[in-house]
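As structure tokens, the structure follows; a few thoughts come after it.
Coordinate-derived values only; no laboratory data. Predicted model, so just to flag it, every value in this text is computed and none were measured. Cβ placement follows ideal geometry from the backbone for every residue including glycine, while neighbour counts extend to all protein chains displayed.
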Amino acid sequence: MYQWHLAFDDQPKMLKLASVAQSRLAGPDGLHLIEPRLLHLTPFIVGFVDEISAETIRRLIGEAEVRPSRVAPIPVTIGRLSP
């Protein structure tokens, strides 16, 4: 499956908050918490490998290399999830 991930490895405050949230969630059997270094957001799922042509992938990569520079940064505030 092809998909785009946004990683948070350069966002120490986000990783700290994730760590706090995970410590509160720890305990229930069957709950799998990922390592902070693997924390990511998946904003776009392109499709399955056998459904997307190599040319389409090349085109998508080309657009992904230039489109973000045309969009202003989006401010995001991360804070407490609950009291």
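Please list, by residue number, every one of the chymotrypsin sites (Phe, Trp or Tyr not before Pro) in the chain that is coil in DSSP and has at most 11 other beta-carbon atoms within 10 Å.
Listed in order of number, the matching sites are F48.
Using Cα pairs under 8 angstrom and six or more residues apart, how large is the relative contact order of the chain, in percent?
43 percent
Placing +1 on the Cβ of each Lys and Arg and -1 on the Cβ of each Asp and Glu in the chain, which of A18, G79, G30 has its Cα farthest towards the positive end of the resulting dipole?
It is G79.
Just in the range 41-83: which trypsin sites (Lys or Arg not before Pro) are loop by DSSP and have at most 13 other Cβ atoms within 10 Å?
Here the sparse-neighbourhood loop sites are R80.
So how tilted is helix 12-25 from the main axis of the chain? Cα-based, degrees 0 to 90, rounded to 10.
60 degrees
I'd like the projected area of the chain, averaged over all directions, using the convex hull of its alpha carbons. Report it in nm² with one decimal.
Mean projected area for the chain: 7.9 nm², to one decimal.
For the chain, give the magnitude of the charge dipole about the Cα centre (Cβ charges: +1 Lys/Arg, -1 Asp/Glu; no others), in debye to the nearest 20.
The calculated dipole for the chain is roughly 480 debye.
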